[in-house]
Amino acid sequence: MSDNSVRGAVRGQVLLPGDDGFDAAAKPWNVAVPQPVAAVVEAEDADDVASLIRYAARVGLTVTAQPSGHGASGDTDGVILLRTGRLDSVDVRPGERVAKVGAGVKWGQVQSAAGAHGLTGLAGSTPAATVVGYTLGGGVSWFSRMYGWAADSVLAFDVVDAEGRQVTVTAGSDPDLFWALRGGGGDFALVTGIEFDLYPAPAIYGGRVMWQGDRTPEVFEAFRELTANAPRELSVWINRFQFPGGPPMVALDLTYLGEASEGAALLTRLDKIDGAISDSRGVVAAADLGGIAAEPVDPSPARSSAELLTGLDDLAVEILSTERIDPLMNVQIRHLGGALAEPGPGTGAGGAAAEPYLLYMLGLGLPHLIEGVTAKQAQLVGELDAYVSGRKPYTFLAPGERAAAAFPEETLSRLRAIKQARDPRNVIRANFPVLS
């Protein structure tokens, strides 16, 4: 790559191998994932993004966008890494219940702005993920049981296409591309902004209840009872924790989109489990949703794996509640269902998640631990083989996995056809490309 050419193509900062700060700028959020890139570009604005895409198309290079580096696959050899953190506009229109944000905006910013008006977006577990990256992958929210994938609440995308043209994509203007971008990843156009629905949230009840590990069977039983008949407003996630040097623990993370009294009444079952170490249940501001799961907001080394589960019968619960999880730090099961299982006529590429549960396994991605972490994840999946559907949510794909694992064959074929039609030279590349 010519130093002068790429630097002359954009107004934003360009870092090449050997430059001061290049190694740090190229790292993804998961610092355990190596990310060999040809250059790192910090775009000044959408015009700068368009200039970079035109340059890449002209010289035969590929661009991948990572606003915050979440979801990196490491499959980036020779690629230009585009950072979009400066595209940071946030426009909340409370009267319309709509927000429009730039590609660098994180969910914490949206929730603060929307919550001031008694509204919420379909935010996930961490405030540190960007709205665009999360949404392109589908987006599993605390409130997805009520309103579906975050991607299906999108009204419009501002994009730069593979020719470097800036266009706004809606269901009416370009139905194929609009469908693909809602849950099919960022392989089809480079998104610089997104407009999406907000939802009423005059009250949110939630928190985390934690017990010592010896209560795990009881907590799993309560989890299964709660999720068997949970209203769509209620989301319940169970966690087994094994932090380095600490005792085993088990916790339930909870949100209820409604009044505190209603949420508390739904969760009285938890009061029958003695010995809670902590209980933060109460009214939760939309801006504070990230505090429930309390995930790290700074880059760190990790190795994750996820599966969709078809059910939780007695045998599955026995495996999940009694099997030692170390060297994993967290084994989490999220209750899905509700609107996620019911695709509407306007549903995007994410489609329906018929499986009622999501299994997520996390360990430290340190060199001396990674082999053991990977082996434990494989062991748990093997023991749960009868309950593993084989499909993985796109947004939970991990390095070494492929986009094909996230979609039914018909959906994958349509996504691939759209990619080949819109970007035959592969100027734009998602973390997990649909053609690989």
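The values are calculated or read from the model by the stated rules, or taken from the named source; none is laboratory data. In this text, all values refer to a predicted model and were calculated from it rather than measured experimentally. Using ideal geometry, Cβ is built from the backbone for each residue, glycine included, and neighbour counts are taken over all protein chains shown.
Structure notes:
- Filtered by the rule that a residue be touching a Lys or Arg at 6+ places or on another chain (Cβ under 7 Å) and either free of Cβ contacts under 8 Å to residues at least 40 places away in the same chain or of a type outside the set (A, V, I, L, M, F, W, C) (or both), the range 249-264 gives a lone residue, 253.
- Residues of the range 217-263 satisfying the condition of being over 15 Å from residue 329 (Cα atoms) and among the polar types (S, T, N, Q): 227, 229, 235, 255, 261
- Comparison of 89, 5, 73 shows that the only residue that is within 25 Å of the chain's Cα centre (by Cα) and modelled with pLDDT under 95 is 73.
- The one condition in (1) modelled with pLDDT under 95; (2) of a type in the set (Ser, Thr, Tyr); (3) more than 26 Å from the chain's Cα centre (by Cα) that residue 300 fails to fulfil: (3)
- Of the residues in the range 290-301, at least one is over 23 Å from residue 336 (Cα atoms), touching a residue at least 12 places away in the same chain (Cβ under 8 Å) and outside any loop (DSSP other than H, G, I, E, B).
- The residue of the range 321-349 that is farthest from residue 154 (Cα to Cα), among those that are buried (at least 20 other Cβ atoms within 10 Å of the Cβ) and in contact with an Asp or Glu (Cβ under 7 Å, 6 or more places away or on another chain), is 336.
- Flag for residue 382 being over 22 Å from residue 185 (Cβ atoms), at pLDDT 95 or above and not in a helix (DSSP H, G or I): no
- Hits in the range 230-242 (condition: surrounded by fewer than 19 Cβ atoms within 10 Å (Cβ to Cβ) and either aliphatic (A, V, I, L, M) or modelled with pLDDT under 95 (or both)): 230
- Which listed residue, of 295, 307, is under 18 Å from the mean Cα position of the chain (by Cα), at pLDDT below 95 and surrounded by 14 or more Cβ atoms within 10 Å (Cβ to Cβ): 295
- Condition met for residue 276 (touching a residue at least 12 places away in the same chain (Cβ under 8 Å) and either out of contact with any Ser or Thr (no Cβ under 8 Å at 6 or more places or on another chain) or not small (Gly, Ala, Ser) (or both)): yes
- Residue within the range 30-38 that is closer than 20 Å to residue 167 by Cα, surrounded by 20 or more Cβ atoms within 10 Å (Cβ to Cβ), modelled with pLDDT of 95 or more and not acidic (Asp, Glu) present: no
- Matching residues in the range 259-275 - criterion: being more than 28 Å from residue 362 (Cα to Cα) and buried (at least 18 other Cβ atoms within 10 Å of the Cβ): 263, 266
- Counting only residues that are of a type in the set (S, T, N, Q) and either part of a loop (DSSP other than H, G, I, E, B) or touching a Phe, Trp or Tyr at 6+ places or on another chain (Cβ under 7 Å) (or both), the range 95-124 holds 1 of them.
- Of all the residues in the range 350-364, those that are crowded, with 22+ Cβ neighbours inside 10 Å and touching a His at 6+ places or on another chain (Cβ under 9 Å) number 1.
- Unique match (being in contact (Cβ under 8 Å) with a residue 60 or more places away in the chain, outside any loop (DSSP other than H, G, I, E, B) and in contact with a Pro (Cβ under 9 Å, 6 or more places away or on another chain)) among 92, 132, 140: 132
- Each residue in the range 385-403 was checked for being assigned to a helix (DSSP H, G or I), within 21 Å of the chain's Cα centre (by Cα) and surrounded by fewer than 18 Cβ atoms within 10 Å (Cβ to Cβ), and 0 of them qualify.
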